[in-house]
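Heads up, the thing below is written out as structure tokens.
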Amino acid sequence: MSRRQAAATTLRFWLPAMAGMTCLGLSIGLVSMFGFFVPHLSREFGVGVAAINMAPVVFLLAPGLLSPFVGKLVDHRSIRGLMLLGSTVSMLSLFVLSQATSLLVVCSAFLLFAVGLVFYGPLAVNSLMIKLYPAREARALAVASLGISVSSITLPVAAGAVLQVLDWRSSLALLSLAMLGVLWLWVLAVLPAGVVAQATEPRESVGREITGRAEFWLVGALVAMALGVTLVLAICYPPLLVNRGFSPVQAGLFLSVGGAAGFGGKLLIAAFADTARHRTRWIVVALLVIMLSGLLMLATAVSTAVLIASVALLGFSGGSFLPLHPYLNSRYFSPDIIGRVNGAQSPFFLPLGLTAPPLAGYVFDQTGSYELVIQCLALLPLVSLGLLFALPRPAR
């Protein structure tokens, strides 16, 4: 086989992971530009920032309620079909939001977007990567999660630039239809059409196996807290940076630094996690310490250099954590039930996800900044470290 043929074979092998990258970038990755539309929605419909910040709560509430059901579908139905359905519902919901004339339509559009995201977002993508790439799960998960970093690098700058030229409605409508076309192209052209790694065990026995193991509860709780930090930061960053004297475009550039750092973290996971699978817990320890350091630096930053460094540390740790969640599960559970494991852990994200964004918005409405929120977030990596050391040694 020639070098060119070998390269083409390698590219074809990783195309499903690249499709997963696109899906994650245009699902959960869209949170990176949410903060740019918050002021426009607040002014347009006459509601406070705290009310608008309820939208990310819906993004977590829908997956938390639906993921256990969708996780079963992922193990027994065509993942490609589920992704096509979900992406269509979500992108058309954003288009409807761009045309909304009442708060009821806005809320309904947000809800439908969140429902669609469950079918083509992290649950479906992560489960597919573990099923398609045995013994290379970490690399596949890291490659797919790069989509979120690519979005966090490009979308904030693009959103800031487009909003300086077009009104928010035209910007959102254009983006939603373009993203729908990109998603359909990748999913239809690359992903397998049938059921992938279907489970053969009875569903009842599988459910008891999953929930009866301590690692299920420990992994779910520690990851929920770590990713909760990333969610709240995505909401807080734009107003926080603007309050510290930076323009919206400059704020977008800061977020791109964090996205680039997260990109590097995922590349590191892709390169070393599979070969260092017996050191997984220590990788997670390092990431939690980096996250804690970034939060402390962000809370006390008095110079632009320190601020950039803190955003980079938080981007690196938060970005690296995304592929490590399903990878941790894959170390303890079989690939043919991984969809149900990932789905059953989704409710773990609800307690923090339901309370943190509106509380952060309330703090902003009362104090005019997110400074107190950043200080409180530093407690979460500490608690996650305690849960991590309680995890048993992986058997796989």
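Annotations for the structure displayed:
- Residue satisfying condition, being surrounded by 24 or more Cβ atoms within 10 Å (Cβ to Cβ), within 18 Å of ALA19 (Cα to Cα) and at pLDDT 85 or above, within set ILE148, ILE79: ILE79
- Applying the condition of being touching a Gly at 6+ places or on another chain (Cβ under 9 Å) and buried (at least 23 other Cβ atoms within 10 Å of the Cβ) to the range 84-115 and asking which residue is nearest to MET18 (Cα to Cα) yields SER87.
- The set of residues in the range 363-375 being surrounded by fewer than 16 Cβ atoms within 10 Å (Cβ to Cβ) and either of a type outside the set (S, T, N, Q) or more than 15 Å from VAL242 (Cα to Cα) (or both) consists of ASP365, GLN366, GLY368, LEU372, GLN375.
- Test: residue in the range 312-322 that is touching a Pro at 6+ places or on another chain (Cβ under 9 Å), outside any loop (DSSP other than H, G, I, E, B), crowded, with 17+ Cβ neighbours inside 10 Å and at pLDDT below 80: yes
- Residue list for the range 271-288, restricted to those being out of contact with any Leu (no Cβ under 8 Å at 6 or more places or on another chain) and aliphatic (A, V, I, L, M): ALA271, ALA276, ALA286
- Count of residues meeting criterion [assigned to a helix (DSSP H, G or I) and either on the phi > 0 side of the Ramachandran plot or modelled with pLDDT under 75 (or both)] in the range 39-61: 12
- Looking at LEU255, LEU233, just one residue is at pLDDT below 80, within 16 Å of the chain's Cα centre (by Cα) and either part of a helix (DSSP H, G or I) or of a type in the set (D, E, K, R) (or both), and that residue is LEU255.
- Looking across the range 323-356, the residues that are farther than 22 Å from ALA62 by Cβ, of a type outside the set (S, T, N, Q) and either in contact with a Gly (Cβ under 7 Å, 6 or more places away or on another chain) or part of a helix (DSSP H, G or I) (or both) come down to PRO323, LEU324, TYR327, LEU328, ARG331, TYR332, PRO335, ASP336, ILE337.
- Residue in the range 301-319 that is over 19 Å from ARG213 (Cβ atoms) and touching a Lys or Arg at 6+ places or on another chain (Cβ under 6 Å) present: yes
- Residue check for SER2: of a type outside the set (Val, Ile, Thr) and without any contact (Cβ under 8 Å) to a residue 60 or more places away in the chain: yes
- Residue match in the range 110-121 (condition: β-branched (Val, Ile, Thr) and without any contact (Cβ under 8 Å) to a residue 60 or more places away in the chain): yes
- Criterion (under 20 Å from the mean Cα position of the chain (by Cα) and more than 29 Å from LEU240 (Cα to Cα)) met by exactly one of ALA378, ALA344, ALA356, ALA360: ALA344
Per-residue answers, yes or no, for (1) of a type in the set (D, E, K, R); (2) surrounded by fewer than 22 Cβ atoms within 10 Å (Cβ to Cβ); (3) without any contact (Cβ under 8 Å) to a residue 60 or more places away in the chain:
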| residue | (1), (2), (3) |
| --- | --- |
| ALA214 | no, yes, no |
| ALA224 | no, no, no |
| LEU233 | no, no, no |
| ASN243 | no, yes, no |
| GLY262 | no, no, no |
| LEU267 | no, yes, no |
| THR280 | no, yes, no |
| LEU298 | no, no, no |
| ALA301 | no, yes, yes |
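- GLY86 part of a helix (DSSP H, G or I) and without any contact (Cβ under 8 Å) to a residue 60 or more places away in the chain: yes
- Residues located in the range 116-145, provided they are over 15 Å from the mean Cα position of the chain (by Cα), among the hydrophobic types (A, V, I, L, M, F, W, C) and modelled with pLDDT of 80 or more: LEU128, MET129, ILE130, LEU132, ALA140
The values are calculated or read from the model by the stated rules, or taken from the named source; none is laboratory data. All figures in this text were calculated on a predicted structure; none of them were measured in a lab. Note: ideal-geometry Cβ built from the backbone for every residue, glycine included; neighbour counts use all protein chains shown.
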